[in-house]
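Input: a single structure, listed below in structure tokens.
The values are calculated or read from the model by the stated rules, or taken from the named source; none is laboratory data. Worth saying up front: this structure is predicted, and the values here are computed from it rather than measured. Using ideal geometry, Cβ is built from the backbone for each residue, glycine included, and neighbour counts are taken over all protein chains shown.
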Amino acid sequence: MPRVKRSTKRNDRRKKILKRASGYFLTKSKLYQAAQEAVERGLKFAYIGRKQKKRQFRSLWIVRINAACKLNGMSYSTFINGLKKAGIGLDRKILSDIAANDAAGFAALTVSAKSALEAAKKARATA
């Protein structure tokens, strides 16, 4: 089996890692092994962060919707339940945007959610 000398491939790989590590502190931006560990660690945190970002935004939207619901005399859970029973399929991102920018529109949504809940309650009582 012939001997393989990895000159350009190895140099390219190391150059790529060191380029990603530029701006890191001390040896993490200069020495290959330390740079490789730091870059892998950073990529791991970036991957996790992309997942956490989705969670954090959803929780922010829920907080905004809840605050607007409280102003209209409802809780968040009853509001969402009422919207589902009314057949309104808006997601939380849109609902939070409406809550922040259009108070009258959000009030109309709460009214429709309340009426849908009352209708469902009456239907249960008669059945």
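Which condition number does Arg58 fail, the rest of (1) among the charged types (D, E, K, R); (2) free of Cβ contacts under 8 Å to residues at least 12 places away in the same chain; (3) closer than 30 Å to Ala99 by Cα being met? For Arg58, the failing item is (2). Quick check on segment 10-17. Is at least one of its residues aliphatic (A, V, I, L, M), out of contact with any Phe, Trp or Tyr (no Cβ under 9 Å at 6 or more places or on another chain) and either free of Cβ contacts under 8 Å to residues at least 60 places away in the same chain or exposed (fewer than 10 other Cβ atoms within 10 Å of the Cβ) (or both)? Within segment 10-17, none of the residues are aliphatic (A, V, I, L, M), out of contact with any Phe, Trp or Tyr (no Cβ under 9 Å at 6 or more places or on another chain) and either free of Cβ contacts under 8 Å to residues at least 60 places away in the same chain or exposed (fewer than 10 other Cβ atoms within 10 Å of the Cβ) (or both). Among the numbered conditions (1) part of a helix (DSSP H, G or I); (2) surrounded by fewer than 17 Cβ atoms within 10 Å (Cβ to Cβ), the only one that Pro2 does not meet is (1).
The set of residues in segment 14-55 being under 30 Å from Asn101 (Cβ atoms) and of a type outside the set (D, E, K, R) consists of Gly49, Gln52. Pairing each residue of segment 30-42 that is among the small types (Gly, Ala, Ser) with any residue that is part of a helix (DSSP H, G or I), provided the two are 6+ apart or on different chains, yields C-beta distances under 6 Å for Ala34/Thr27; Ala34/Lys28; Ala35/Ile17; Ala35/Leu18; Ala35/Lys28; Ala38/Lys28.
Scanning segment 61-87 for residues that are closer than 17 Å to Glu118 by Cα, assigned to a helix (DSSP H, G or I) and either in contact (Cβ under 8 Å) with a residue 60 or more places away in the chain or polar (S, T, N, Q) (or both) yields Ser77, Thr78, Asn81. Kindly indicate whether Ala113 is without any contact (Cβ under 8 Å) to a residue 12 or more places away in the chain, over 23 Å from the mean Cα position of the chain (by Cα) and either surrounded by fewer than 12 Cβ atoms within 10 Å (Cβ to Cβ) or part of a helix (DSSP H, G or I) (or both). Against the criterion (without any contact (Cβ under 8 Å) to a residue 12 or more places away in the chain, over 23 Å from the mean Cα position of the chain (by Cα) and either surrounded by fewer than 12 Cβ atoms within 10 Å (Cβ to Cβ) or part of a helix (DSSP H, G or I) (or both)), Ala113 does not qualify. Here Arg124, Arg64, Arg92 are screened, and the one residue that is exposed (fewer than 14 other Cβ atoms within 10 Å of the Cβ) and either within 22 Å of the chain's Cα centre (by Cα) or of a type in the set (D, E, K, R) (or both) is Arg124. Among the residues of segment 23-38, is there at least one that is in a helix (DSSP H, G or I) and within 27 Å of Ala123 (Cβ to Cβ)? Scanning segment 23-38, I find no residue that is in a helix (DSSP H, G or I) and within 27 Å of Ala123 (Cβ to Cβ), so the answer is no.
Check whether at least one residue in segment 34-55 is aliphatic (A, V, I, L, M) and under 30 Å from Ala107 (Cβ atoms), and report yes or no. No - not one qualifying residue is present in segment 34-55.
Select from segment 1-55 the residues that are of a type in the set (Val, Ile, Thr) and at pLDDT 95 or above and list them in ascending order. Listed by number, the residues that qualify are Ile17, Thr27, Val39, Ile48.
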